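Structure first, commentary second.
Please treat every number below as a calculation from the coordinates, not as lab data. No experiment lies behind these values; they were computed from the predicted model shown. Positions of Cβ are backbone-derived with ideal geometry, glycine not excepted, and every protein chain shown enters the neighbour counts.
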């Protein structure tokens, strides 16, 4: 296990434990913890992908070390086992404002697994080239953004 993997695992666990107070008091502690963990996971996705998108868009200067670190983090996050915080019944329709996850995630015939696999593949491809220059980063970033958007379009509600 790499230092980055250990750090990310610890960060997600810490966020999950520390963040359970966000939920309304009516939620079961296990449900509140699951939602908190997945929100923390999504924030880590957003932070690392945001670094890569900002470089690709020219909003910040390209830096090979920073791009490589963000891409490695993203690829690691994508492969972490998440089933413990995607519990059926923890959707927006059931819980309201506590979450943006839609019940469609758990519906029969859901293609959430295929969408997750696409994100894992796009993140791995990004990880392989992120440190190879701005053009390489730009060539891989579209698939990452596309995978994010496909999942959010189908499975994330609005606030």
- prompt: Quick one: if the Förster radius is 25 Å, what FRET efficiency do residue 97 and residue 54 give, using the C-beta to C-beta distance and rounding to 0.05?
  reply: 0.30
task: Return the distance in nm (one decimal) between the two label points of a simple spin-label model at residue 143 and residue 112, each offset 7 Å from Cα along Cα→Cβ.
output: 2.5
- prompt: Name the residues of the range 126-150 whose amide N is less than 13 Å from a point 7 angstrom out from the Cα of residue 64 along the C-beta direction?
  reply: 129-137
- request: Mind checking the full-extension length gain between residue 153 and residue 46? Use 0.36 nm per residue of separation minus the Cα-Cα distance, one decimal, nm.
  value: 36.9 nm
